[in-house]
Amino acid sequence: MAEELIITATTKAEQYAQLLPQIQSVIADEPDPIANMANTAAMLHQAFRWWWVGFYRVADAHTLVLGPFQGPLACTRIRKGRGVCGTAWQEDQTQVVPDVDQFPGHIACSSASRSEIVVPVHDTHGTVVAVLDIDSDQLNAFDETDRHWLEQIAQLLRHGHS
Ligand code: SME
């Protein structure tokens, strides 16, 4: 396992291309999904310095509960269909939100959050078991490049769930 994250590229796509195999190598031999979410959040945060990076896990049929994250204190539970995270879960679709103030029902865990991307994480049967939530203190921080690479990272996490 790599002991230290190394990112030397300057473009976002190249940074993701360097990051992905390092995440893969860290989580490949570890079956525990919490451990893998924890290291994935840490590596994403270290690489991109976003305001908040973390996971909400499906707790029951109606509720997401806070999982491993990097960043300030966050909301603990989110109902299905509520906010960006609850919408990503309900629709089983990545949500890219350029301006959180324009998203109906956005849950403001932090007033510093200005834009957001939320990516569903599935188990091997294709059921959503968690969402990866990333918040920026800048408007328009996330685009199709982020969607592409973060969906790949979410795929890597699938193996830890049966
Ligand atoms: N803004 C999110 C809630 C989670 S946090 O910002 C960490 C949402 O609307 O789902």
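The ranking of VAL65, VAL84, VAL58, VAL131 from fewest to most other beta carbons within 10 Å of each one's beta carbon is VAL65, VAL58, VAL84, VAL131. Could you tell me the center-to-center distance, by alpha carbons, between the stretch 77-92 and the stretch 1-53 in angstrom? Result: 25 Å between the Cα centres.
Once you divide the Cα radius of gyration of the stretch 12-160 by 2.2 N^0.38 Å, the number left is 0.94.
Bear in mind that the values in this text are calculations on the coordinates, not laboratory data. Since we're looking at a predicted model, the values are computed, not measured. When we count neighbours, we look across all protein chains shown, and the Cβ atoms used for this are built from the backbone with ideal geometry, even at glycine.
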